[in-house]
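The structure appears below as structure tokens.
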Amino acid sequence: MSNKFKVLYYVNQFFGQIGGEEKAGVAPTFEAKTIGPALGFNGLLEDEGEVIGTIICGDNYFNEHKEEALEYIRYTFISIYVNKDHKKQIGKRSIDKYSAIIG
């Protein structure tokens, strides 16, 4: 069993390598890998931690749909870090709508 802490890394569309301003309206997505600056950050963690995924979101989308973007980030975090048996105990909202996206 590993004692490493896990990091869920967030980047905008540019650092997420999906495009520039033309992709600034992209809704958040989760990739179960290190992308962009998460690669360097992962190296800095050495044996203490690891980046286990990257969330990519367009700058404009985040600013124009802040609550929806934050909700996606929260539920991505919950789906990764919380035991599935305990998900139903967290909040009143269902994570089911994100399960197809997150896995």
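Residue by residue, here is whether (1) under 26 Å from Lys4 (Cα atoms); (2) of a type outside the set (A, V, I, L, M, F, W, C); (3) touching a Lys or Arg at 6+ places or on another chain (Cβ under 7 Å); (4) at pLDDT below 95 holds:
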{"residue": "Ala27", "(1), (2), (3), (4)": "no, no, no, no"}
{"residue": "Lys33", "(1), (2), (3), (4)": "yes, yes, no, yes"}
{"residue": "Gly36", "(1), (2), (3), (4)": "yes, yes, no, yes"}
{"residue": "Glu46", "(1), (2), (3), (4)": "yes, yes, no, yes"}
{"residue": "Gly49", "(1), (2), (3), (4)": "yes, yes, yes, yes"}
{"residue": "Phe62", "(1), (2), (3), (4)": "no, no, no, no"}
{"residue": "Lys88", "(1), (2), (3), (4)": "no, yes, no, yes"}
{"residue": "Gly91", "(1), (2), (3), (4)": "no, yes, no, yes"}
{"residue": "Ser99", "(1), (2), (3), (4)": "yes, yes, no, yes"}
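In the stretch 15-30, the residues that are farther than 19 Å from Phe41 by Cβ form Cβ pairs under 7 Å with partners that are of a type in the set (S, T, N, Q) and assigned to a loop (DSSP other than H, G, I, E, B), at six or more places apart or across chains, as follows: Gly19/Gln13; Lys23/Gln13; Ala24/Gln13; Val26/Gln13. Taking each residue of the stretch 51-77 that is touching a residue at least 60 places away in the same chain (Cβ under 8 Å) and looking for partners that are among the hydroxyl-bearing types (Ser, Thr, Tyr) with beta-carbon atoms closer than 8 Å, six or more apart or interchain, yields Ile73/Tyr10; Thr76/Tyr98. Among the residues of the stretch 18-32, write down those that are surrounded by 13 or more Cβ atoms within 10 Å (Cβ to Cβ) and more than 10 Å from the chain's Cα centre (by Cα). Ile18, Lys23, Ala24, Gly25, Val26, Ala27 - these are the residues of the stretch 18-32 that are surrounded by 13 or more Cβ atoms within 10 Å (Cβ to Cβ) and more than 10 Å from the chain's Cα centre (by Cα).
The test for being under 14 Å from Tyr9 (Cα atoms), of a type in the set (Ser, Thr, Tyr) and at pLDDT below 90 does not hold for Tyr72. Annotation: of all residues in the stretch 33-44 being of a type in the set (Gly, Ala, Ser) and loosely packed, with under 14 Cβ neighbours inside 10 Å, the one that is nearest to the chain's Cα centre (by Cα) is Gly40. Among the helices (runs of 4 or more DSSP H) confined to the stretch 34-86, the ones with at least 1 residues that are among the β-branched types (Val, Ile, Thr) are located at 66-81.
The values are calculated or read from the model by the stated rules, or taken from the named source; none is laboratory data. Bear in mind that the values here come from a model prediction, so they are computed numbers and not experimental data. Because the Cβ atoms are built from the backbone with ideal geometry, glycine has one as well, and the counts that use them run over all protein chains shown.
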